[in-house]
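Visitor: Here you go, one structure.
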Amino acid sequence: MSEKQPSFIGGHPVLDFVNTVAWRTDPARRVERVSGTEGWLRWAVTAEVFPSVPDGGLPTGDAEVSGLLELRGALEAVLDAVTDGQPPPAPAWRALRLALLRAREAAALPPELPLRWEPGTRDLTDLRHALALRAEELLAGPGASRVRRCAGPGCGWFFLDRTRAGTRRWCSSGDCGNRDRARRHYARTHPTAPH
Ligand SMILES: [Zn+2]
């Protein structure tokens, strides 16, 4: 059975960012898949938020990792509410608003069209700003109504549902989808087994 590694199944870097926690909705199994400054910088490149791992960039420390995780916590709460059809919780929304204001203040705005905020690509503070701006883009656009949460028990991963009917249920059919098939097969072949 596959272990849940950092994954890029979200279809949007902000969803992949929240998905850096595996078994997100199961407190007993919840596990971080990315850690440390180096780990996050490598993640940023794989997620295509940064063009390359910055070398000779400013040293970044634990405070910047916590800033990143704070934004992730806010996005987690907002996306959970969105997928539950609930209004976003006020503290998470305030945190997101603040992250956006800071990101805009720090970003460049090249004098050309289409107008685009350009966050830096050097360190984890830049990464936080970039992800806040991408979150705005996601939540302000048509993708917002396509965000789904995997139906796998404990999984909690988010993805953009690009199916025409909007009926995708699993983060990955080879992962939670498989587990579900195995569970249903077991229930069929062991009708008296306790659940
Ligand atoms: Zn899943």
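Visitor: Write down, largest first, the equivalent ellipsoid semi-axes of segment 81-181 in whole Å, where each equals the square root of 5 times an eigenvalue of the alpha-carbon gyration tensor.
Guide: Those come to 31, 16, 14 Å.
Visitor: Given V147, N178, T25, which one lies farthest toward the positive end of the charge dipole of the chain, if we put +1 on the Cβ of every Lys and Arg and -1 on the Cβ of every Asp and Glu?
Guide: Sorting the options by dipole projection puts first N178.
Visitor: Go ahead and estimate [θ] at 222 nm for the chain from helices alone: -39,500 (n - 2.57) per DSSP H run with n ≥ 4, summed, over the residue count, rounded to 500.
Guide: Value at 222 nm, helices only: -14500 deg cm²/dmol.
Visitor: Kindly point out, ordered by number, any Cys in the chain whose beta-carbon has no other cysteine beta-carbon under 4.7 Å away.
Guide: C176
Visitor: Write down the Kirkwood hydrodynamic radius of segment 32-95, to one decimal in angstroms, obtained as one divided by the mean of 1/r over all alpha carbon pairs.
Guide: The answer is 13.4 Å.
Visitor: If every alpha-carbon in segment 13-189 counts as one equal scatterer, what log10 I(q)/I(0) does Debye give at q = 0.17 1/Å?
Guide: The Debye formula, applied to the Cα set alone, gives -1.14.
Visitor: Let me ask something additional. With a 1.4 Å probe and every protein chain kept in, tell me what percent of the accessible surface of the chain is carbon plus sulfur.
Guide: About 54 percent, which is the carbon plus sulfur part of the accessible surface.
Visitor: Moving to a separate point now. State, to one decimal in nm, how far the label point of A151 lies from the label point of S52, with both points 7 Å from Cα in the Cβ direction.
Guide: 4.5
Visitor: Measure nothing but the geometry: give the 0 to 90° angle between the long axis through the Cα atoms of 90-106 and the longest principal axis through the Cα atoms of the chain, rounded to 10°.
Guide: Taking Cα atoms only, the helix is inclined about 40 degrees.
Visitor: Suppose every Lys and Arg Cβ carries +1 and every Asp and Glu Cβ carries -1, with no other charges. What dipole size does the chain come out with about its Cα centre, to the nearest 20 debye? Mind dumping the intermediate values first?
Guide: Values: 27 positive and 23 negative charges, 233 e Å.
So the magnitude is around 1120 debye.
Visitor: Mind pulling the angle between the C-alpha long axis of helix 176-189 and the longest principal axis of the chain? Nearest 10 degrees, somewhere in 0 to 90.
Guide: Taking the Cα atoms of the chain, the angle to 176-189 is about 10 degrees.
Visitor: Calculate how steeply helix 62-83 sits against the longest principal axis of the alpha-carbon atoms of the chain, using the helix alpha-carbon long axis, and give the answer as 0 to 90 degrees to the nearest 10.
Guide: Once rounded, one gets 50 degrees.
Visitor: Follow-up question, since we're still on this one. Using a 1.4 angstrom probe, figure out how much accessible area the chain has per residue, in square angstrom, rounded to the nearest whole.
Guide: Details: 11000 Å² over 195 residues.
It amounts to 56 Å² per residue over the chain.
Visitor: Can you find, among P54, P114, P91, the residue sitting farthest towards the positive end of the charge dipole of the chain, where Lys and Arg contribute +1 and Asp and Glu -1 at Cβ?
Guide: P91
Visitor: Taking trypsin sites (Lys or Arg not before Pro) that fall in a DSSP loop and have at most 13 other Cβ atoms within 10 Å as cut points, what is the longest piece of the chain between them?
Guide: With trypsin sites (Lys or Arg not before Pro) excluded where exposed in loops, the chain gives 31-115 as its longest stretch.
The values are calculated or read from the model by the stated rules, or taken from the named source; none is laboratory data. Nothing here was measured: the structure is a model prediction, and the numbers come from that model. Cβ atoms come from the backbone with ideal geometry, glycine included; neighbour counts cover every protein chain shown. Protein only, heavy atoms only, side chains kept; ligands, DNA and RNA dropped before computing areas. Shrake-Rupley method; radii C 1.70, N 1.55, O 1.52, S 1.80 Å.
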